[in-house]
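Here the structure is laid out as structure tokens; the discussion comes afterwards.
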Amino acid sequence: MSALKTATLATIVLLTSASISYADERYPRIQDEVVLKECGECHMAFQPQMLPGRSWVKIMNTLGDHFGEDASLDMATAQHIETHLAENAADAGWFSGKFMRGIKGAMIPLRITETPYWVREHNEEVHPQAWSDPKIKSKANCVACHGEAERGYYDDD
Ligand code: HEC
Ligand code: HEC
């Protein structure tokens, strides 16, 4: 009896933690080929769920001076990408994702790494020296620490 009970308990624990980790740590992998190609050229293509829609609109409208680089695209391509990013943004639909936490109505963050949620997650968990590690170089270099970031996994200790 106790063996059966233990097995049942183990199953319940497994199922519970599996569903929690799915909801908490997984961001959908980008499927759109245009976004992957055009926004994954200089850095990984960041998941749209990490910024509000208004941030993506502003980023897409200022590509000529994109963090010091010219990332301009023709209008049709830019429009396609903007639509995809806005439709999947942190504040899209009825659900506001984790990345909306602490973002006030007037704020238009242009960096994921400057959102209150990102800053809090990393201040608590990352040793300050990590940011000057030559292998990391930039906070935006997600893949340096999250090996599966492009697949949407960020909880890979
Ligand atoms: C020509 C190269 C280039 C292309 C193409 C490019 N980017 Fe960037 N992007 C950069 C650079 C450089 C940075 C700053 C990186 C850093 O701070 O380490 C950056 C940073 C970003 C950031 C902020 C990252 C952070 O710190 O949170 C976002 C968001 C972003 N890019 C989105 C996009 C999107 C969307 C596209 C496609 C439309 C795109 N990028 C295409 C060069 C590029
Ligand atoms: C210097 C290493 C480092 C870099 C660079 C980095 N992270 Fe992290 N990140 C961590 C650590 C450590 C944690 C906390 C432990 C964990 O949850 O894996 C974390 C946690 C997170 C979490 C919370 C995961 C959860 O538990 O729900 C997200 C989301 C995240 N990072 C996204 C990003 C994104 C997006 C980028 C790039 C724009 C990035 N990180 C860059 C080290 C890093």
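The values are calculated or read from the model by the stated rules, or taken from the named source; none is laboratory data. All of these numbers come straight from a predicted model, not from anything done at the bench. Cβ: placed from backbone, ideal geometry, glycine included. Neighbour counts: every protein chain shown. Heads up: the accessible areas ignore ligands, DNA and RNA and are worked out on the full protein's heavy atoms, side chains in. Shrake-Rupley method; radii C 1.70, N 1.55, O 1.52, S 1.80 Å.
Taken over region 47-66, the criterion of being over 18 Å from residue 107 (Cβ atoms) and out of contact with any Ser or Thr (no Cβ under 6 Å at 6 or more places or on another chain) is satisfied by 47, 65, 66.
Evaluation of residue 43 against the conditions (1) part of a helix (DSSP H, G or I); (2) under 22 Å from residue 146 (Cα atoms); (3) open to solvent by 50 Å² or more (accessible area, probe 1.4 Å); (4) at pLDDT 95 or above shows that the sole unmet condition is (1). Among the residues making up region 95-108, those that are crowded, with 17+ Cβ neighbours inside 10 Å and either away from ligand 2 (no atom under 12 Å from the Cβ) or over 14 Å from the mean Cα position of the chain (by Cα) (or both) are 100, 103. Can you spot a residue in region 58-79 that is of a type in the set (Ser, Thr, Tyr), over 17 Å from residue 154 (Cα atoms) and within 14 Å of ligand 2 (Cβ to nearest atom)? No - not one qualifying residue is present in region 58-79. When residue 128 is tested against (1) open to solvent by 50 Å² or more (accessible area, probe 1.4 Å); (2) modelled with pLDDT of 95 or more; (3) more than 12 Å from the chain's Cα centre (by Cα), just one condition goes unmet, and that condition is (2).
Yes or no, residue by residue, for (1) of a type in the set (Gly, Ala, Ser); (2) closer than 22 Å to residue 56 by Cβ; (3) out of contact with any Asp or Glu (no Cβ under 7 Å at 6 or more places or on another chain):
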{"site": "85", "(1), (2), (3)": "no, yes, yes"}
{"site": "96", "(1), (2), (3)": "yes, yes, yes"}
{"site": "123", "(1), (2), (3)": "no, no, yes"}
{"site": "132", "(1), (2), (3)": "yes, no, yes"}
{"site": "137", "(1), (2), (3)": "no, no, yes"}
{"site": "141", "(1), (2), (3)": "no, yes, yes"}
{"site": "147", "(1), (2), (3)": "yes, no, no"}
{"site": "152", "(1), (2), (3)": "yes, yes, yes"}
